[in-house]
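All remarks here apply to the structure that follows.
The values are calculated or read from the model by the stated rules, or taken from the named source; none is laboratory data. Note that the coordinates shown come from a computational prediction; the quantities given were computed from them, not determined experimentally. No Cβ is skipped: glycine too gets one built from the backbone with ideal geometry, and neighbour counts run over all protein chains shown. Ligands, DNA and RNA are stripped out before the accessible areas are found, and what is left, the full protein with its side chains, is counted by its heavy atoms. Shrake-Rupley method; radii C 1.70, N 1.55, O 1.52, S 1.80 Å.
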Amino acid sequence: MAMPDQATAPAPAPQGAPEIRIYAHSPIIYWWVVWAYGFFCAALTYFQGERLTLGQNAKPLFIHTSPWVGLSFTLLLLLVIVATSVRARGVNALLLLLLMGGAGAATYVVMNTPGLWSEPPALLVHMNLAFYLLVSSVLFIVWFVIVFIVDRLSYWRVRGTQVERVQMFGSVLGRAPESWSVMHIRLTRYSDDIIAHKLLGLGILGLGTSDIDAKLSIFGGGHEQFRIENVWRAARPLKAVQAAMGPKATVVI
């Protein structure tokens, strides 16, 4: 992996060379589905829910009568937590889905087996309107700030034969610049995480996120290798690198 103390001083890029930027994103990019579904549940609760008062002089609560609204939100939240914490690729992703489905089915069977309980507890999950609005609003703000502001403060830039990792305010944080003059670059795109890349990243709709493995052959000898994670629509910058560098770049999409 590339380390700051291994980086060389930036060499001047050729004049007129196109600048190609590749942005990595934090895993919170996949949390859009939680706040979006939370607002959907809030709308269902507002238009189809009922008022419930828990005590005298208490403000009424809006609660949807169906427990599946709250249960589905809870299951989706758990799915996103697991999917963004454990990266499962290929067959492992299918095994993870089967494991989570089996765990959910086993919980349902245990909770509804009369022999295990004197009175089987009902698996009912209800959230009120304020819960959905609060969680979704806060999560949306955090998601927007990180995806569109924080993540864009750091990016990889390719200009001519120069590859740089640009970190705005990096000098303030004590981070040394990273830059290489390359003889050849190989970029390989991976989008084999079924849950993160295909489902949460909307890869099934032709959009999607990917991870990019980069291998650099540096002037003067030596190699560097690094991974750029959660790149939105990675095929576009990769094709631009191939067109700009020609035979000096090998791109696998």
Filtering the stretch 208-239 down to residues that are open to solvent by 10 Å² or more (accessible area, probe 1.4 Å) and under 13 Å from the mean Cα position of the chain (by Cα) yields Glu229, Trp232, Arg233
Please count how many residues of the stretch 132-173 are open to solvent by 80 Å² or more (accessible area, probe 1.4 Å) and of a type in the set (D, E, K, R).
2
Count - residues of the stretch 178-193 that are touching a Leu at 6+ places or on another chain (Cβ under 9 Å) and open to solvent by 50 Å² or more (accessible area, probe 1.4 Å)
4
Take the residues in the stretch 218-236 that are in contact with a helix residue (DSSP H, G or I) (Cβ under 9 Å, 6 or more places away or on another chain) and assigned to a strand (DSSP E or B); name whichever of them is nearest to Pro27 (Cα to Cα).
Asn230
Return the residue satisfying two criteria in turn: it lies in the stretch 43-78 and is among the small types (Gly, Ala, Ser) and in a helix (DSSP H, G or I), and of such residues it is surrounded by the fewest Cβ atoms within 10 Å (Cβ to Cβ).
Ala43
Residue that is farthest from Val34 (Cα to Cα), among those in the stretch 79-102 that are open to solvent by less than 40 Å² (accessible area, probe 1.4 Å) and in a loop (DSSP other than H, G, I, E, B)
Gly90
Expected output for the stretch 103-131 (first residue within 19 Å of Leu44 (Cβ to Cβ) and open to solvent by 60 Å² or more (accessible area, probe 1.4 Å), partner of a type in the set (Val, Ile, Thr) and modelled with pLDDT of 70 or more, Cβ below 7 Å, 6+ apart or cross-chain) is His126/Ile63
Name, by its number, the condition in (1) closer than 21 Å to Ser154 by Cβ; (2) open to solvent by 30 Å² or more (accessible area, probe 1.4 Å); (3) in contact (Cβ under 8 Å) with a residue 60 or more places away in the chain; (4) not hydroxyl-bearing (Ser, Thr, Tyr) that does not hold for Val252.
(1)
